Amino acid sequence: MLNYKNVVITSTKTQYAYYDEKKKKSIDYKKPKITTKILHEEEYCCDLGELYETIKFHTDKQSMYGNDIKVSFDTYIEY
């Protein structure tokens, strides 16, 4: 049976500009502002179905805001 451990799902948001109320215009950042947030961290996930449901939930939730999702995990086989 294939198992997954150290499952981490992170969300990354990149902002290239911001709106200044005083100047009434959009101002570009010199370097893009990158915000990273850990959405889900689990030590052990037993099967692919559970992993899929977790990834799908967070992807659906974050795609409304235009955020990118990064998923990392380790696999091992249990006999």
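The values are calculated or read from the model by the stated rules, or taken from the named source; none is laboratory data. None of these values were measured; they are calculated from a predicted model. Calculation scope for accessible area: heavy atoms of the full protein, side chains included, ligands and nucleic acids excluded. Shrake-Rupley method; radii C 1.70, N 1.55, O 1.52, S 1.80 Å.
Taken over the chain, lysine pairs spaced eight or more positions apart, or on distinct chains, with alpha carbons under 22 Å apart number 26. Computed over the Cα atoms of region 2-78, the ratio of the radius of gyration to the Kirkwood radius (Rg/Rh) comes to 1.19. E50 contributes an accessible area of around 70 Å² to the protein surface, as traced by a 1.4 Å probe with all chains present.
Structural descriptor for the chain: relative contact order 51 percent, calculated from alpha carbon pairs under 8 angstrom and at least 6 residues apart. On a 0 to 90° scale, report how tilted helix 48-63 is relative to the longest principal axis of the chain, with both axes built from alpha carbons and the result rounded to the nearest 10. That helix lies at roughly 10 degrees to the long axis.
Applied to region 65-79, the Karplus parametrisation 6.51 cos²θ - 1.76 cosθ + 1.60 on θ = phi - 60° returns per-residue 3J(HN,Hα) values of 9, x, 8, 8, 10, 10, 10, 9, 7, 10, 10, 7, 9, 10, 9 Hz, with x for Gly and Pro. Close amide H pairs (under 5 Å, H built 1.01 Å from N) link L39 with I9, T10, S11, residues at least 5 positions away or on another chain.
With protein chains left intact and a 1.4 Å probe, residues in the chain average 81 Å² of accessible area per residue.
Rolling a 1.4 Å probe over the protein heavy atoms leaves E53 with an accessible area of roughly 110 Å².
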